[in-house]
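Worksheet for the structure shown next.
The values are calculated or read from the model by the stated rules, or taken from the named source; none is laboratory data. Bear in mind that the values here come from a model prediction, so they are computed numbers and not experimental data. Glycine gets a Cβ as well: all are built from the backbone with ideal geometry, and neighbour counts include every protein chain shown.
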Amino acid sequence: MNRIDLTPYRRSTVGFDRLFDLLESQARNSSSENYPPFNIERRDEDSYRITLAVAGFRNADLDIIAQQNLLTVQGRKRDEQPDGEMLHVGIANRGFERRFELADFVRVANADLADGMLTIDLVREVPEAMKPKKIAIGGKATLEVVKDDEEASAEAA
């Protein structure tokens with residue numbers, strides 16, 4: 001049974017409805033088809049890479065659609081007939097649609113198809129207005145962006 005009960009969390013949190021709905025829908029749809037296989041890689045703090053194995057697909061056969069918080073990859077099958085008689089067909093030639101829910105401020109930076117592998121690079125770019133700011137008490141009215149220890153040491157170097 002793939003049912004997750006998030007009721008206790010829903011009672012004690014505010015504004016996380018979208019996250020809970022996403023978790024419940026993913027649990028319901030977890031038995032969906034696993035074609036094409038894919039990897040999701042975290043490359044650093046704010047960048048990710050999705051790699052899909054799409055052997056036999058060309059650039060023209062693939063559509064990558066990025067909407068707010070949703071990335072959809074679609075592959076259309078071709079109706080080409082081989083020159084000779086096929087004795088065995090083991091290479092999948094079927095269409096697919098794969099959806100990935102994206103966090104806020106994540107955008108597609110690049111997509112590439114090479115050697116049957118489709119790579120999609122994603123980057124999280126938090127707007128300056130959304131970053132935490134240090135507020136001075138008294139006298140000074142300017143605000144400074146709060147920096148991580150890693151960012152501060154990188155700037156010092």
Elements of type strands (runs of 3 or more DSSP E) in the stretch 62-114, at least 1 residues being loosely packed, with under 10 Cβ neighbours inside 10 Å and of a type outside the set (Gly, Ala, Ser): 62-67
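This table checks each residue for (1) among the hydrophobic types (A, V, I, L, M, F, W, C); (2) touching a helix residue (DSSP H, G or I) at 6+ places or on another chain (Cβ under 7 Å); (3) at pLDDT 80 or above.
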position: Asp5; (1), (2), (3): no, no, no
position: Phe20; (1), (2), (3): yes, yes, yes
position: Glu33; (1), (2), (3): no, no, no
position: Glu41; (1), (2), (3): no, no, yes
position: Asp44; (1), (2), (3): no, no, yes
position: Glu80; (1), (2), (3): no, no, no
position: Ala92; (1), (2), (3): yes, no, no
Check on Ala60, more than 30 Å from Pro127 (Cα to Cα) and out of contact with any Gly (no Cβ under 7 Å at 6 or more places or on another chain): yes
